[in-house]
Structure formats: structure tokens, C-alpha cells
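A.B. asks: Structure in C-alpha cells, see below.
The values are calculated or read from the model by the stated rules, or taken from the named source; none is laboratory data. Everything numeric in this text was worked out from a predicted model, so none of it was measured. Every residue, glycine among them, receives a Cβ derived from its backbone with ideal geometry; neighbour counts consider all protein chains shown.
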Amino acid sequence: MPNVPEAPTIRDEVTASSKWNEFRDAIRFLMEPPIANLRQNSVQSLANATLVAIQLNAFDVDSDVDGTGGHDTVTNNTRFTARYPGWHWVSGGVGFATNGNNWRAAELAVNGVPVNGSGVQVSAASTTAPTMVPARGGNLVYLDAGHFVEIYGWQNSGGALNTAVSGVQQPSMTIRWVSI
Amino acid sequence: MTAPRHNWWLIVRVDGATHCWELADTSDPDRLQDTVDRARVQVQFPPGDDWIAGDTRQNAVQLTQGEPHPSLMATAATHQLADLDRVTAQALAAYRAASDNERAAARMTAAREAVLRLTSEQRAQLYGDIPPPPRGTTTTGGRT
């Protein structure tokens with residue numbers, strides 16, 4: 001995993017090109033920090049009364065300074081895996097198919113462990129329309145290189161319930177690296 | 001959805017312990033629900049819905065794709081899927097009945113709380129005008 005580039009400490013004139021390159025790398029990292037906007041556009045069945053990691057098989061952006069990104073749309077596609085260690089701003093939500101029974105919830109998890117304070121639970125919105133539930137917005141989570149964050153959906157309609165994947169209803173997760 | 005290259009894993013946290021099972025096939029929702037319920041019985045997960053309970057025990061039943069992170073696996077007990085076949089049909093039925101009761105109680109509580117939040121005008125709209133009690137009677141069990 002690459003390191004987060006940091007500006008060098010200067011004690012004299014900056015003449016060596018390597019020092020200027022270190023400045024360049026640090027600035028470039030800040031201009032192109034790891035960011036991802038991941039979505040689901042193919043239906044997933046969610047078991048009853050179970051936190052289910054949401055598969056994110058589509059993305060709008062998944063990028064960092066060396067263009068690699070932290071997500072794979074096929075293999076373990078529930079995960080955003082950090083390449084650069086640091087605090088990440090994470091948000092997202094889950095769309096549930098139309099069903100008026102009981103409750104819906106969404107929350108974040110790091111390495112499979114739920115993030116305290118990230119959950120939202122609401123009653124099903126309607127018997128005639130999907131229910132969209134956000135995880136609490138703007139969670140800051142610390143990820144070491146190789147650690148991963150996921151968004152989970154939960155429902156207790158009484159049986160398996162599909163996600164809602166039409167347009168704005170799509171489940172999604174947004175990640176932005178913000179600080180070492 | 002594109003078939004994942006890695007299996008799904010079931011993680012159950014209960015009373016401070018973490019249990020894991022690697023699932024072979026999750027394509028049948030009914031069979032998957034059966035597996036999840038059997039796991040809950042095997043590790044004595046409290047009946048009802050962990051999210052609704054709103055407790056502080058951090059109990060959770062999760063499904064995640066791919067082998068969980070090494071930090072989780074280091075502290076988790078990994079079980080064989082075949083072990084869940086030892087959960088008897090009677091134990092499974094009793095657990096599901098207890099869960100249904102818990103959910104029904106949660107629904108009743110939520111409905112009662114929703115009614116209590118209504119204004120008197122909203123209650124009148126829902127249930128019709130309730131005439132005031134006749135003069136000389138009370139609604140407080142006879143005490144004035």
C-alpha cells in the first residue's frame with residue numbers, strides 16, 4: 001500500500017529537485033484524494049431481521065492520486081478498501097422495495113464491526129412506495145491501509161425483501177479521504 | 001447481479017462473542033433465512049429483532065461478502081455450516097414463535113406510542129368524535 005505523501009521539512013534553500021517533487025506529490029495528493037461514489041443498480045435480496053452488506057456493483061467515481069481506487073464492482077463488492085491510511089468521511093443509504101410492514105434500517109461497518117452512532121432506523125414509509133433510509137450522514141471513520149468500510153441494510157418485513165434500484169432509490173455509499 | 005467470486009459469510013455477535021459461518025449458497029432466500037435462524041438458535045441469540053431491541057449489548061446478525069477482516073476472524077469462533085443441521089425442527093419452531101411474539105409486542109408498543117403523540121384533533125379524525133362523559137361521572141376510576 002502507498003504512503004500518504006507529506007511535504008518535506010525545509011531547513012535551508014530548496015534546490016534539490018527531489019524536494020520540489022515531494023511538495024508536488026503532497027499537493028497532488030490533496031488535489032486528488034481518494035474518493036468514491038458507489039451505487040447498486042441490480043436488485044439484491046435482503047434476509048429478514050439481518051444486517052446485510054449492500055453489494056455496490058456500479059460507481060460514478062472511484063479514484064485516488066495514482067488512479068487505482070478502493071473498490072471492485074465484482075469481487076467483494078460490498079467493500080471500499082482503503083489504500084491510504086487516514087480518516088475517511090463516509091455516508092450512504094439503502095433503498096428498500098415497496099412493503100409497508102415494520103422497520104427498515106441502515107448503518108456502516110468497518111472490517112465487519114458496526115460503526116457506533118452510524119445507524120438510522122425508520123418505519124416502512126408506505127405500502128405503495130419504496131423506503132429509502134440513510135445511514136447517519138458524514139461519519140468520520142479511521143481506516144488503515146487494507147481496512148474496509150461497508151454499508152448494511154436491515155429490514156424486518158417478515159421475509160426476504162429486495163432493494164430498490166431505480167434511479168434515486170439506489171443504495172449507495174460515498175467515501176472521501178479527509179485527514180491523516 | 002453478477003455472481004460474486006467469494007462466498008458470503010454469516011456473522012453473529014451475541015453477549016460479547018463473535019461467531020462466523022462461511023455460506024456455500026445464498027441464492028435461495030428461504031434456505032438462507034433458514035440458515036440464519038438456525039445460527040441464531042445455535043448461539044442462543046435472543047428472539048426478536050436485534051435492531052428494534054435498541055439494546056446496548058451490540059448483538060447483531062450480519063451477512064457480508066468475502067471472508068471477514070483478519071482482525072475480526074482473530075477473535076471469532078468459526079463454525080461449520082453442517083453444524084447447523086443439528087438444530088432441531090422443534091427448537092427452530094419455538095425460536096421463530098418467540099421472535100414473532102417479540103415483533104408483535106414491538107408493533108403494539110410503536111402503535112400505542114404513535115397514538116399518544118397525536119393531538120386530540122388528530123385522534124378525533126382517526127376514531128371519530130368521542131362524546132364527553134355525562135355530568136357527574138369521571139374518567140379517572142371514580143375519583144374526582
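A.B. asks: Which of the residues belonging to segment A:46-72 are more than 13 Å from the chain's Cα centre (by Cα), part of a loop (DSSP other than H, G, I, E, B) and on the phi < 0 side of the Ramachandran plot? Walk me through it before giving the result.
C.D. replies: Filtering segment A:46-72 down to residues more than 13 Å from the chain's Cα centre (by Cα) leaves A:46-52, A:64-68.
Remaining after also requiring part of a loop (DSSP other than H, G, I, E, B): A:47-50, A:64-68.
Within segment A:46-72, A:Ala47, A:Asn48, A:Thr50, A:Asp64, A:Val65, A:Asp66, A:Thr68 meet the criteria.
A.B. asks: Another question about this same structure. What single numbered condition from (1) over 22 Å from the mean Cα position of the chain (by Cα); (2) modelled with pLDDT of 85 or more; (3) over 24 Å from A:Val122 (Cα atoms); (4) away from chain A (no Cβ under 14 Å) fails to hold for B:Gly66?
C.D. replies: (4)
A.B. asks: If you don't mind, another one. Quick one: in segment A:138-177, which of the residues that are of a type in the set (A, V, I, L, M, F, W, C) and assigned to a loop (DSSP other than H, G, I, E, B) is nearest to A:Asn3 (Cα to Cα)? Please lay out each step first, then the result.
C.D. replies: Taking segment A:138-177 first, the residues of a type in the set (A, V, I, L, M, F, W, C) are A:140-141, A:143, A:145, A:148-149, A:151, A:154, A:160-161, A:164-165, A:168, A:173, A:175, A:177.
Next cut, assigned to a loop (DSSP other than H, G, I, E, B) only: A:145, A:160, A:164-165.
On the way: A:Ala145: 9, A:Ala160: 43, A:Ala164: 38, A:Val165: 36 Å.
Only one residue tops the list, namely A:Ala145.
A.B. asks: Here is a further query. Would you mind finding the one in A:Ser126, A:Ser91, A:Ser157 that is hydroxyl-bearing (Ser, Thr, Tyr) and under 14 Å from the mean Cα position of the chain (by Cα)?
C.D. replies: On the way: A:Ser126 fails: under 14 Å from the mean Cα position of the chain (by Cα); A:Ser157 fails: under 14 Å from the mean Cα position of the chain (by Cα).
Residue meeting the stated conditions: A:Ser91.
A.B. asks: If you check A:Pro8 against the conditions, is it out of contact with any strand residue (DSSP E or B) (no Cβ under 9 Å at 6 or more places or on another chain) and surrounded by 14 or more Cβ atoms within 10 Å (Cβ to Cβ)? Full working, then the answer.
C.D. replies: Details: out of contact with any strand residue (DSSP E or B) (no Cβ under 9 Å at 6 or more places or on another chain): yes; surrounded by 14 or more Cβ atoms within 10 Å (Cβ to Cβ): yes.
In short, yes.
A.B. asks: How many residues are farther than 24 Å from B:Ala104 by Cβ, free of Cβ contacts under 8 Å to residues at least 24 places away in the same chain and in a strand (DSSP E or B) if we restrict to segment A:95-137?
C.D. replies: 1
A.B. asks: I'd like to check something: does segment B:28-36 contain any residue that is assigned to a loop (DSSP other than H, G, I, E, B), at pLDDT below 90, charged (D, E, K, R) and within 21 Å of B:Ala93 (Cα to Cα)? Give the steps one after another, and end with the answer.
C.D. replies: Kept after step one, since they are assigned to a loop (DSSP other than H, G, I, E, B), are these residues of segment B:28-36: B:28.
Checking the rest, the ones that are also at pLDDT below 90 come to B:28.
From what's left, charged (D, E, K, R): B:28.
When the remaining residues are screened for being within 21 Å of B:Ala93 (Cα to Cα), the result is B:28.
Within segment B:28-36, one or more residues are assigned to a loop (DSSP other than H, G, I, E, B), at pLDDT below 90, charged (D, E, K, R) and within 21 Å of B:Ala93 (Cα to Cα).
A.B. asks: Going through A:Leu30, A:Leu38 one at a time, which residue ends up being aliphatic (A, V, I, L, M), part of a helix (DSSP H, G or I) and either within 22 Å of A:Ser91 (Cβ to Cβ) or modelled with pLDDT under 85 (or both)? Spell out the reasoning first.
C.D. replies: Numbers: A:Leu38 fails: part of a helix (DSSP H, G or I).
Going through A:Leu30, A:Leu38 in turn, just one is aliphatic (A, V, I, L, M), part of a helix (DSSP H, G or I) and either within 22 Å of A:Ser91 (Cβ to Cβ) or modelled with pLDDT under 85 (or both): A:Leu30.
A.B. asks: All but one of (1) in contact with a strand residue (DSSP E or B) (Cβ under 9 Å, 6 or more places away or on another chain); (2) in a loop (DSSP other than H, G, I, E, B); (3) more than 9 Å from every other protein chain (Cβ to nearest Cβ); (4) not aliphatic (A, V, I, L, M) hold for A:Gly92; state the number of the condition that does not hold.
C.D. replies: (2)
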